[in-house]
Structure formats: structure tokens, C-alpha cells
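**Student:** Let me begin by handing over the structure; questions about it come next.
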Amino acid sequence: MKESLQLRSNHLTKMFKPLTNRLFRGMIVLLGITLTFELLSNLVVEGLWFGEVGYFSVFLKRLLWRLALLGLTSSFSLWFLWGNLRQAETNKWHSIPEIESSKGRRRRDHSLGKSKPTTPESRSLGLSWLMPLVVILGGLIGLMLLYYSQVVYSAWTLDFDLPKVTPPLPSAFYLNSLPNLVAQIISNLWKVPLIVLLIGLIVTRTKFCLRLMAIAFSMIFGLVLSGNWGRIVQYFSSTPFSKVDPQFSRDIGFYVFEVPFWKLINFWLAGLFLYGLIAVSLIYLLSANSLSQGKFPGFSRQQLRHLYLLGGLTLSMIGLYHWLNRYELLYSPRGVVYGGSYTDVHVVLPVDTLLSIVSSVIAFWLLSKGIMGWKKTQPRSLKTKPLPRFPFSPLPFIIYLGILLIGLVATEVVQNAIVQPNELSRERPYLERNIALTRAAFDLDKIRVTTLDGSGKITAKDLQNNHLTINNIRLWDARPLLETNRQLQQLRLYYRFPDADIDRYSIPTENQDSSITIAKQQVLIAPRELDYKEVPQQAQTWVNQHLIYTHGYGFTLSPVNRVGQGGLPSYFVENIGTATHAGELQTSSDLIRQSIPIDNPRIYFGELTNTYIMTNTGIQELDYPSGQDNVYNVYDGQGGIAIGSPWRRVLFAEYLKDWRILFTHNITPETRLLFRRDINRRIREIAPFLRFDRDPYLVTAKVQSSKEKNPGSLYWMIDAYTTSDSYPYSDAGNRNFNYIRNSVKIVIDAYNGDVQFYIVDPNDPLIQTWQNIFPELFKPLEAMPNSLKEHIRYPKDLFQTQAERLLSYHMTDPQVFYNREDQWRVPQEIYGEKQQPIEPYYLLMSVTDKAQEFILVNFFTPTSRNNLIAGLFARSDDPNYGKLDLIRLPKQLVIYGPEQIEALINQDPVISQQVSLWNRQGSRVIQGNLLVIPFLKEQSLLYVEPLYLEAEQNSLPTLVRVIVVYQNQIVMAETLDGALKSIFQSESSPPETIIRQVEPDFNS
């Protein structure tokens, strides 16, 4: 009976085994087809998208570079590791060597024609030494796998919300990598069982596990270098800076372009050689069942020669690591100076140089022993106990470790015993380097310095002469305007105003004699975008999301200095719909209608357009609301990719992971799909190597384009920067870069999605390098349409970066810098009820005696006092774009700063009584931005602060008062004009104006 059952079981096994094998092979094939299809669909869709935006050649270059780096690096790594593992399998002990006399062994080997020794050439290891050694080497592989996995993850999982999406430069796996890894394991104990499991697999399935790790490491190395393609292509297309560092006298381009390249090579080869050395060592140590036998017989001559070669290659990479570390000293934070300090130059630099030389000598010694062998030694008999000896001299390694330890001790001794007691005299030359190179890296060395003594007088005539400045003093800022827009201009729940930006437009005004005057006017422009998340939950269907709710509509344009009815903002452009046209934006006058382009104000590409949409489908899109109804239209722009054909629908269904694209009946042969409509994501996909400004701003302009049949009138402008963290001696502060230039302006068509990159700083070596790599990507600034060029402005992100560095680096004398005698800070202001740093603000004013300019301004105070000490001005208009002016104020005069002005306002009994009265009536008073208005020609200052009143229940801020401070007077009036008249034309003072005297005088 049992035999019958056994036969039946064997028969069933034989019958189902082929079926199981075929099923398994089928699943493998199906998985391969699925992965291949997903990869190909991604490549094809990416290519179609880059072709749609006009940068297919950029995509193709990047793809070829990435594939080439991945293929070459991974294939070489796998060839190297596989070959060494195979050689180790050949050389390893297949059984415990037989006990035989040396004379008999030589006679037998000679008779058999063997050249390889069959007895060990090094001492044997007992289980007490063998087991810890295997565990340590296996654990080291686990730590390496953990480290390199994190590196490859950071290289390929980029955060597109960051200003720059380039992966961080990886460091080679070295001794200093271990503490961080151990700390990670302690905080994430679940990683411990994984490392233990890996060690167990290495012990039990040595060949399989080590070869699998070889494949994994080869792929990791390829992916990391492929992810860092930008640094590698920069190396081959680099542009010199034509400036040298003061320590090594090398061009700055060497540190920006070449050192990162060699760090990548060191990262790759050090990991490759180290894993090869560890894996081969484990194969030899675990051969001949050494663990079960409880003893490792020792290494044979061929095994040792193999290990010497791998050890020599690994030591050569350690030598390169120390050589590159010499240049890292130029970014050392040790001591009072950023960059190479006295201790770095006189102790650490010689130690790193010596370590590099010693490592290279040891590497050469090991390589020579591996290639040419070594002095023959008498083979030992297994019957006799071997003497404790090494097959090589440990002296070179002792020397290396000794230098390393002595260097660490000497660094601390010199820093504490020699430098700190005489810090200024020792560090003076290095402080000079730090000051000069930080100023150069942040473009502070080109600032023009002038003075404003603050003792001048402003008269009514001066106000008339500066009427354009007065007419553009900002009473409205973005926050109260956006609150008002959300209440009065949003029109529907799904519309949203994400931001409001300052710009200037040429606005015509009609004079009393019917003549027309055109002057620049500072305005706030706010786009009305569609936010699909605000669509009612019941209406959030697939059709609505991708076919109907497709775009925002229009914008508001408000002068910064005018107040409408009831204290609300005044609008040049607002609402949707006029008496003659339901879809036209309302303008305040026919002159505004003629000067401000409002044609085709649809926003298909913006800051909130996160969904993909399909246009020209069987369903019309929601265009804009009209009363209680909606108006619908069909997109006729140039954006999008045609998906009418079935194969494209399959590709996009796979790419977007949305298979409903295949089953909808609304797609027609003319249907186009628009995705990556978020302008921030759009530009990062095209040029991930640039750093982007956080504040895109909308521009309305007429642009003549031969490429577009239906151009829109709305364009996004975004500033882009070239940055580096490798500028020698340049102090980055709290940022992750220490060099920056505003090299590129980007223009995006809000209707068609067209993206153009214009170079505004052609002298920047970084942008010159990228232009060498992608000549088709960039255009000169001269190619930008004049109607858009008029709206270029100096970016706030760059200005704040430079201003923050200038707080310390305006001091060019090393002793003053060391003592921080003249340290500045950004003053604080009260906004609403909170204290915050004063943000830079735009003004229209005259910097010279010529026409008004659009400038970005901020003022500074000393760290120990609150009075004004200086102001930084950045100019935005051609031909002075990018020029910086530092206005210094006299130290001997007390010129009140913003904090002192606000203290005087808030402690005034009459003003505070009025404010308290408002606050008790179900409302609250919001103190707006305090603006310091400089009159450079008159050598004087004016302070202006708006007051808003906001109901506690419904936030609708209204401008109720304007406070003006000049010399010893504080005036609070209903309008700016009334406040100025009360100061400079007291006979015309409005009756409701509060005029207060401040004692003592500002200049006392």
C-alpha cells in the first residue's frame, strides 16, 4: 500500500513539475514584459513632453549621458567584481591541505608540473579568531550596503518642491562614515536583524550571496554616477573663473568643476575595491568548511597575491581620498574663520599630504607584491605549530595609523595652545582670505558705497519734485489685498488667489487739460487660479477633474497707493464680465483697457495647476462664471500632446497610472493632454541643475510671436540662479551654497505653456558651462520681447541672501571683523500683533538725478542699538539691472530705526487711545509694513506706516489711517496726502488729522 502511494506521488510530481516550471517561467516573462513596457512608456512619454516644450535635444542628451554612465559604470564594476570572485573560487581551499613534508611537497609538485603552492603561507586561525573576523567582515558589507543604498536613494528620489533638485555630492565610504551609520542603526533597531540575516546568508550561501551583492553594488555605483550626470558633464565642459584661490593658486573652476568629479570617482572606486577585498577575503576564510572544522589553515601564496592586489587598489583610493581632503580644508569651519585657518594650513594640510603619500607608497608596495610575488619562505609543516608571523610587514600600516592619530592630537594642541592665545595675529591672513572671497562669491565686492547724512530738510517743493516717488509709496501689501480678493474677487469656491506680487506698469492718466500723461505706477497683481481641491466633494469626479475644471481666469491689478470706497483696495483690473462682453475683465477706465493687456486671460499653467487635463474632448471646459450660470469653451492653444491614437492612450494610461483614459468615450482625434502644468515642477524638469526663486510672478503683456496662433496675454516670470557649495573660503552661513549668481530669467506662457530661458549674466562661469552643454536651451537677454523685459525685477531671494551676508561682510578690516565691532542686523517691525524682521520692499524712486527706477530696498541697524546705520538698494531697470548701492548713515547722528519709530507711535497717548477704541468695537487694528523712504538728493528720510482695520468675524481689511513720521513729528491722517500736507503744508491740514511732536529731536 505504501509503495503504491509513493509511486502515485512520484507520478503526480513528474506530471505537475513541467507545468509548474512553465508557469514560473511564464510569470517571469510576464513580469519582464511589464517592467519593460513601463520603462519604455516612461521614456516615450518623457520624450513626447520634452518635444512639446521644445527641448527634446536636452532630454536626449541627458538620457544618453545617464544611460552611458549607468552602463559603463555598472558593467565595469560587475566585470571587476565577478572576475575577482571567480578567481577567488579558483584559488580557495577546496579541502584541508594534506600534512606533508616540504621536501615531499616540492617533489610531488614538480612531478605533477604544478606551479601553485598547496600549503598555507600564513598562520592558521582558530575558531576564536575566525568567527569574529567573519562577523566583522560580513557586518562591514551590511554597513556598506546600508550606506550606498541611502546614497542611491538620495540621488534618484528628488524633491521637486526644493529650490534646487540636484542630488548631494556623495562621500566615499571611510572610517568617518561608521559613527553616523552606527547611530542610525541604534535609532532604527529594525536594521540590526537585516544585517544579522545578511551575515548568516554569507556564512551559509557564500558564493550565491556575495555574487548577488556584487550585482547589487554594481547597479548602485552605476545609478549614483548616473544620478550625478550633471557634475560629470560639467567636468568635461568647464569654464575657468579666471580667479585663483590664495592657498593652492588654482583656478576657482578647479574646485567647482574638477574636485566634485574626482570625489565621484573616489566614491565609486573606493567602494568597488573595498567590497572586492572584503568579498574575496570571506571566500578564502570560509573555504574548506573552515567554520565547521573550527580552523582556517591559512592563506596560500596565490590567495595572498590576490589579496595584495585588491588591498593595493583600496589603499590607492585612500591615498586619493586624503589628497582630495587637502582641498576640503578650504571649507573648514574650524576656528573663527571659515575656510583654511592657521591650524588647517600648518597642521592638517601637511598631515593629509603625508597620509596621501604613505597610502600611495603602501598601495604601490602591495601591488608590487601582488604582481611580482615576494621573497620565498620555507613552507611550514602542518604537524608543527606555526610561529605567529605576518606574510607582510605591518610597519607601513602602523606608520599610517600613527600619523593619523598624531595628526588628530596635534590639531587640537596647536588650535588650543598656539592659535587661541594669539588668535587675531595667527588668523589675520586667513580672515583676509575669507572676507575677500566671501564678498566675491556673493557679488558683494561690486557694491557701490555712498552716504546719506540724514541732516537734510524736505520741503513741499521737494515733495512736488519727487511726486512719482510719493505717488508710489506702498500703502497696500500682499496680505490685506489677498484677504480682500478672497472675499470680493474669488467669485466661485474653486477660484483662489495664491499670491500677489509687486510690479510696475506704465499707466496713462488724463490731466485737467485733457492731455495724457504716462508714468510708471507700482501695482499689486494677483492671478485668479483654479484650485481643484476647492471643488465641492460631490462634484470631484474624474470627468470634472480632467475634462471640465481645466483653468483659472484673469487677475486683479491694484495700485499700491490708492484707496477705494470704504477703505478697500482700488482696482485697475478686477472681476469677470463687462456690459459688452461677459468674459472680459473689468477695467477702471478706457485708458487702462488700452494700456493693460487683458485679452485671453486664461491660466492653464500656474502655481496651483497640479492635475493633468485633456482638451478638445467631447465635453466642453468650464471657462468662467457669468452670473448664476457658467460659460464653456474649447482650448485652442498650442500646449499639450495629441493622444487621439490608441497606442498613445495606452502609453499615457500607463504613465499616469490612470486606466480610465482607455475607457472614456470623450477622447477625439483632436484631443490633447496637458500635464506638468505646475510651473515650478515644469521648469525643474527641464533644468534641474538651476536653483529657482520661491516667488514666481505674473506679468500681463502683449508679445508678438510667430510660433503661436493664439497667444495669451499672461506670462509667468521666474528667476533662476547658478549656485555652488565649492567656492574656496566663502562662508555660506546657514545656506547650503556659498556662491550665487542670478544668471537666468525664465518666461512661461500661462496659456500655451511655452518655456523660455534667458541669460542675464553672461559673465558667470557656471552658466557659461551649462550653455556649452545645452546651447539650445538658453537665449540671450536681447531675445526677450521688450514688453516682458520691462517687468524684470531684482529677485528678493537673492537680495535677502546678499543682505544677510552683508551684515558681517561689509567689514573689510580683519581686526574689525574679528571683534565684530560693526556687526549689523535686520531690524524688526510689528505687523498686526506679531514682531517680524522687516522684509525687503520695492520702491519707485530716483537713485541718481535721472529718471525714477524700480529698486529693492532694505535697511540695517547695529546689533547693539536700534538706530539706522545703512541701507541696501538693488536696481531693476535697464541699463542698471543688478547694480547694488549701499547707503551708509552717519554713526555720530541718532537716526531712528523702524523699532524706535514704532515704539514712538505705540507709546503716543493720543494715537494709542484711538487704536484702543477701534480694538474694542469687535475689530482689530493691523499695523502694516513700516516703510523707510529715502530722499537721496535731499539727504533725508521719511517713515510711512498704514493702519488696517479688520473685523474679527469676517476678515475684510480696510485702510483706515496712514501714519507719517518726519523728524520730530508724528502725523496720523486718513490719507497719505493729508498726512504729508499736515507736515509740509500745515495750513492745509485736514481737521481729523492727529499731529504729535516727538522729543527729543531725531538729530539731537
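**Student:** Can we say Asn544 is within 28 Å of Leu844 (Cβ to Cβ) and of a type outside the set (Val, Ile, Thr)?
**Tutor:** In short, no.
**Student:** Separate question: Of Val744, Val760, which residue is under 22 Å from Tyr697 (Cα atoms), outside the structural domain of Phe859 (by TED's automatic domain parsing), in contact (Cβ under 8 Å) with a residue 40 or more places away in the chain and surrounded by 22 or more Cβ atoms within 10 Å (Cβ to Cβ)?
**Tutor:** Being under 22 Å from Tyr697 (Cα atoms), outside the structural domain of Phe859 (by TED's automatic domain parsing), in contact (Cβ under 8 Å) with a residue 40 or more places away in the chain and surrounded by 22 or more Cβ atoms within 10 Å (Cβ to Cβ) holds for just one of Val744, Val760, which is Val744.
**Student:** Moving on. Look at Ser955 and say whether it is in a loop (DSSP other than H, G, I, E, B), within 46 Å of the chain's Cα centre (by Cα) and modelled with pLDDT under 90. First the steps, then the outcome.
**Tutor:** Values: in a loop (DSSP other than H, G, I, E, B): yes; within 46 Å of the chain's Cα centre (by Cα): yes; modelled with pLDDT under 90: yes.
For Ser955, the condition - in a loop (DSSP other than H, G, I, E, B), within 46 Å of the chain's Cα centre (by Cα) and modelled with pLDDT under 90 - is met.
**Student:** Further question on the same structure: Go through (1) modelled with pLDDT of 95 or more; (2) in contact with a helix residue (DSSP H, G or I) (Cβ under 6 Å, 6 or more places away or on another chain) and name the single condition Gln302 misses.
**Tutor:** (1)
**Student:** Of these, Ser187, Ser171, which one is among the small types (Gly, Ala, Ser), in contact (Cβ under 8 Å) with a residue 12 or more places away in the chain and surrounded by fewer than 18 Cβ atoms within 10 Å (Cβ to Cβ)? Please lay out each step first, then the result.
**Tutor:** On the way: Ser187 fails: in contact (Cβ under 8 Å) with a residue 12 or more places away in the chain.
None of the others qualify; the one that does is Ser171.
**Student:** Taking region 493-518 on its own, how many of its residues are in contact with a Phe, Trp or Tyr (Cβ under 9 Å, 6 or more places away or on another chain) and charged (D, E, K, R)?
**Tutor:** 4
**Student:** Touching a residue at least 40 places away in the same chain (Cβ under 8 Å) and touching a helix residue (DSSP H, G or I) at 6+ places or on another chain (Cβ under 7 Å): is that true of Ile905 in this structure?
**Tutor:** Working: touching a residue at least 40 places away in the same chain (Cβ under 8 Å): yes; touching a helix residue (DSSP H, G or I) at 6+ places or on another chain (Cβ under 7 Å): yes.
In short, yes.
Matching residues to (1) assigned to a helix (DSSP H, G or I); (2) under 34 Å from the mean Cα position of the chain (by Cα):
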{"site": "Arg479", "(1), (2)": "yes, yes"}
{"site": "Glu483", "(1), (2)": "yes, yes"}
{"site": "Asp499", "(1), (2)": "no, yes"}
{"site": "Arg504", "(1), (2)": "no, yes"}
{"site": "Leu524", "(1), (2)": "no, yes"}
{"site": "Gln545", "(1), (2)": "yes, yes"}
{"site": "Ser558", "(1), (2)": "no, yes"}
{"site": "Thr578", "(1), (2)": "no, no"}
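**Student:** It is to be established whether one or more residues within region 461-469 are farther than 30 Å from Met614 by Cα, part of a strand (DSSP E or B) and in contact with a strand residue (DSSP E or B) (Cβ under 7 Å, 6 or more places away or on another chain).
**Tutor:** First, pick out the residues of region 461-469 that are farther than 30 Å from Met614 by Cα: 461-469.
Now narrow it down to the ones that are part of a strand (DSSP E or B): none.
Within region 461-469, not a single residue is farther than 30 Å from Met614 by Cα, part of a strand (DSSP E or B) and in contact with a strand residue (DSSP E or B) (Cβ under 7 Å, 6 or more places away or on another chain).
**Student:** Among Met219, Met213, which is the only one that is buried (at least 20 other Cβ atoms within 10 Å of the Cβ), over 30 Å from Thr801 (Cβ atoms) and of a type in the set (A, V, I, L, M)? Don't jump to the end; show me each part of the working.
**Tutor:** Details: Met219 fails: buried (at least 20 other Cβ atoms within 10 Å of the Cβ).
It is Met213.
This table checks each residue for (1) over 23 Å from the mean Cα position of the chain (by Cα); (2) part of a strand (DSSP E or B).
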{"residue": "Tyr758", "(1), (2)": "no, yes"}
{"residue": "Asn763", "(1), (2)": "no, no"}
{"residue": "Ile767", "(1), (2)": "no, no"}
{"residue": "Glu776", "(1), (2)": "yes, no"}
{"residue": "Ser787", "(1), (2)": "yes, no"}
{"residue": "Tyr794", "(1), (2)": "no, no"}
{"residue": "Leu798", "(1), (2)": "no, no"}
{"residue": "Thr801", "(1), (2)": "no, no"}
{"residue": "Arg805", "(1), (2)": "no, no"}
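The values are calculated or read from the model by the stated rules, or taken from the named source; none is laboratory data. Owing to the predicted nature of the structure, the values given are computational and were not obtained by experimental measurement. For neighbour counting, all protein chains shown are included, and Cβ atoms are generated from backbone atoms with ideal geometry for every residue, glycine included.
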